[in-house]
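Okay, structure first, notes after.
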Amino acid sequence: MVKAFRRVVAALTVALLAFRAVGSFLSWMEHQEDSTADTWIDEDEFEDV
């Protein structure tokens, strides 16, 4: 009985950590969309002007 209880607690812990990891990743992705993308400016574009 104790072994089953420990497994349930371990499964809930893993599920909680996975949920937090996905939430953190989605938050990071949302932050990336809000930031400016000055890093990806193509320098050839300015030479043509």
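Every number in this text was worked out from the coordinates using simple rules, so none of it is lab data. Since the structure is predicted, the reported quantities are computational estimates derived from the model, not experimental observations. Because the Cβ atoms are built from the backbone with ideal geometry, glycine has one as well, and the counts that use them run over all protein chains shown.
Observations on the model:
- Given their separation in residues at 0.36 nm each and the Cα-Cα distance between them, Lys3 and Gln32 gain 6.1 nm when the chain is fully extended.
- Spin-label model distance (nm) - Phe25 vs Thr13, 7 Å beyond Cα toward Cβ: 2.2
- Computed from backbone phi with θ = phi - 60° and the Karplus coefficients 6.51, -1.76 and 1.60, the 3J(HN,Hα) list for the range 9-26 is 4, 5, 5, 5, 5, 5, 5, 5, 5, 5, 5, 5, 5, 5, x, 5, 5, 5 Hz; x is used for glycine and proline.
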